[in-house]
1. Enter the accessible area of residue B:275 (Å², nearest 10), with the probe set to 1.4 Å and all protein chains included.
2. Ignoring ligands, DNA and RNA and using a 1.4 Å probe, state the total buried accessible area between A and B in Å², rounded to the nearest 100.
3. Short version: which residues of the range A:368-404 lose at least 50 Å² of accessible area, all chains versus chain alone, 1.4 Å probe?
4. Can you compute the modelled spin-label distance between residue A:20 and residue A:515, with each label point 7 Å from Cα toward Cβ, in nm?
5. Set the Förster radius R0 to 51 Å, insert the Cβ-Cβ distance between residue A:288 and residue A:31 as r into 1/(1 + (r/R0)^6), and round the FRET efficiency to 0.05.
6. Provide the solvent-accessible area of residue B:256, counting protein heavy atoms only and rolling a 1.4 Å probe, rounded to the nearest 10 Å².
7. What's the extension gain from residue B:261 to residue B:213 if we count 0.36 nm per residue and subtract their Cα-Cα distance?
8. Per q in 0.14, 0.16 Å⁻¹, report the Debye log10 I(q)/I(0) for chain B, using one uniform scatterer on each alpha carbon and no solvent.
Amino acid sequence: MTSSTRWQSAFTGTSTLIRLGLRRDRIRMGAWSILLAGLLYGIAESWDRLYPTALSRQQLAATLALSPSLTAILGPLFDPLSTGGLTTWRSIAGYTLILGLVECFVVVRHTRADEQDGVAELIDSGVVGAGARAICALIIANLYGLTFALLTTVLLTAAGLPLTGSLALALAIAGACAVFASLSVVAAQVAHSSRGANGISGAAVALFFAISAVGNSTQNSPLIWLSPFGWAEQTRAFAGQRWWLIGLCVVVAALLAALGISIAANRDLGASLIPARLGREVASPHVANPRGLAWRIDRTWLMWWLIGALLLGALEGSILNTSLDAMTSNPALLKLIESLGGSTNLAAAFIVLMIGIFALAACGYGIATILRLRQDELSGRAELELSTAITRTSWASGHLLTGYIGSALVVLAGGLGIGLVYAGSIGQVSTSVGHAAGAALITVPAVWVVLGVTVMALGITPHWSFVGWIVLAWCVIAGWFGVILGLPEWILKTSPFGHLPGWPGAPMNWVPDLILLVITALLLVSGLYGLKRRDIPAS
Amino acid sequence: MKDQGDLSAAAIIDVRGLTKTFGDTTALNGLDLTVHPGQIHGFLGPNGAGKTTTLRVVLGLLAKDSGVAHVFGADPWSQAVSIHRRLSYVPGEVSLWPTLRGGESIDYLTRLRGGADRARISQLQELFDLNPRVKVSAYSKGNRQKVALIAALAVDVPLYIFDEPTDGLDPLMAEVFREEVKALRERERTVLLSSHVLAEVDAVCDHVTIIRDGRTIETGALSDLRHLQRQSLVIETRDAVDDLGQIPGVHDVERHDRIVRCTVEPSALHDVLRRAAAAHVLNLETRPPSLEEMFLRYYDRDPS
Ligand SMILES: Nc1ncnc2c1ncn2[C@@H]1O[C@H](COP(=O)(O)OP(=O)(O)OP(=O)(O)O)[C@@H](O)[C@H]1O
Ligand SMILES: [Mg+2]
């Protein structure tokens, strides 16, 4: 085949593929858009209740000026007086982060993961070209962004916000996420496995988040221009829109997409830029049972999680340090932090707040690791293992251990990162490391409850084993948006994180942790019992 | 009933009246399967007949709805682990851990089965022409199949269960597999082999159970079953033969000059040969029915 016909035929079947992909993803797409846009509507509605007067909003802005650490994470507040400005400030970074990750995973699922599972072989051997899959993945990912943008614009205008601002906010988020989606098309060509591709894209998104966080924490830093997070924030929705920044996102996304698609169209199926090396012929002696295998499979990915958590923790620690220098005991700031779940001791409150973020991330790590059992079941690997002389409990124990212990280590690594750097700058190593590590460990039982829900679903209602993700989404909403949405206390308490004592920001109380550990044990036992009693593969 | 009980006591796999439903689908509907020690037992049926489901019940992966299932005299659902110590299984769809090398996967699976001789593993890798240092994600379907086959054949156990083992292997490798099964027969191991590749059952099995729609429709020694079947005859005679088509049990009669081809049921064989002999036989070829013909007949799709 000449290279030009190869190039043309690389794209045949794109439309069929998109239809197929949409059928696979339409429910997920709708659910994410409704969830994210609905939440944004709730945030927009909250400001008149929380900060009803112009004076209170000006006070908020003045407070924020004193707290670079909050600005670092959330981005700058361009117009404190308008509801739209406040909504943008509160949501844009978090939304770009979440939707960006979602789009990356969608792209990988439709490219590298399909290829790895052999679905792509079927597709490619039919009437579908090699580049078509990359294009299709990209289009579907961007449809996530666009449905979100459409729904958001509708809901925000319904909440009484101006149309231009609403559109700018929605498109700024969708635009930045388009860059991430294109990036992960490239990652899917570079990496050999879907987990590698997910890892590279996730790390890239986290890195860009960190770059803009550092940029935001100091005045006039050029760093903000190096990150799509910065571009989205600097679009200044509801504060004199700078539309060209959305254009910049589109151009960068298109360039990256072209790069990824051309690699896809020209490489062999299954091949990657980082080639699969020839490796050992004999398995290490540890790979003799499911625990050994799970460690062999999960260790690299756990290591990256730990390095990432440590670095992000260190970053937060350094931001914490600069910001605390500027802080006085400001009642307005305290109120703000309290609304995010913190307490009245500022430094401690920040530590608890940030460890809360690591805990949610650790839940993500743990759920994904434990659900590997479900993937093993669906792919038939479990059938192969379970036809040998191991019990079902032993089979499950591998990824359960790496999931449970690994998630605890992720929180701890984040805590250590914060504690070490923060301590290094204020010179109280033992106190701050002790506080941060302790705060991390106290959070672990709540993480384990979320993992326990996943295990129980896996054992008892395997077709619903994804409920762990829903529980996690609920914990994010309750913990981060619950107060601002004005949800009643008892609803917030349905999240296991709502019961944590908040030490060192508040007095220590062991009872909630003990209860959470008991619940974890019950969930685990019921899940393993269900697993023993059911068909594998589940019918 | 008594002698049946005695017989089945000796059976390695004893399945009677097995039923299993998945929601509205009835996958197994009173299936019987008996495998005695030393048999190379073919398990034949069209797509969706219930072969895989039966094997999964036998392995204790699926719970049966009703009926009897015993393996080594024990209940596979409650005593799966002790049964599994004595068998080796290759599923129909082999999926492996993408980040592992082929060799690591083989080691892992054999270690789960209690360990295997390294020299034996190397020998099988050579026979099946598998590069064990390649990552599994780079393997073709056939190579993944080889990994599972090597891991199963490398251990020495009384019972081997294969679900469509040569699906995805090229003819050369399928032949290697058949040789291995013959070696198992010589070592008096028991093999249960599901397939719809008839040539395979024909080539290696001595017993066969044929199922359709979750029910057993025929079972027995391959040689006995053939007896029930038509023979293909080609007869060359000096004189013209009387019309053979009139004899009940004679089918597919074709004439070319003095050469007659037909298929004959065992009951009609005597009459056919007598008439042919009367016309002075010059040459006679007989061929046992291929399993293909036999198989198609069971599914009401006569090949003629
Ligand atoms: N987990 C399941 N859920 C629902 N139906 C199932 C399930 N497993 C099997 N079936 C159905 O049960 C029937 C028997 O399937 P089975 O896989 O045992 O057939 P098979 O003989 O192995 O076919 P093949 O030759 O295609 O492998 C089929 O109709 C199939 O669709
Ligand atoms: Mg089958």
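1. Rounded to the nearest 10, that gives 80 Å².
2. Values: alone 23500 and 15130 Å², together 34860 Å².
Chains A and B together bury approximately 3800 Å².
3. A:381, A:383, A:384, A:387, A:388, A:389
4. 5.1
5. Details: r = 42 Å, r/R0 = 0.82.
Once the sixth-power term is evaluated, E becomes 0.75.
6. Estimated to the nearest 10 Å², residue B:256 gives 100 Å².
7. Numbers: separation 48, 0.36 × 48 = 17.28 nm, distance 3.42 nm.
Length difference between fully extended and current span is 13.9 nm.
8. -1.04, -1.23
The values are calculated or read from the model by the stated rules, or taken from the named source; none is laboratory data. In this text, all values refer to a predicted model and were calculated from it rather than measured experimentally. Positions of Cβ are backbone-derived with ideal geometry, glycine not excepted, and every protein chain shown enters the neighbour counts. Ligands, DNA and RNA are stripped out before the accessible areas are found, and what is left, the full protein with its side chains, is counted by its heavy atoms. Shrake-Rupley method; radii C 1.70, N 1.55, O 1.52, S 1.80 Å.
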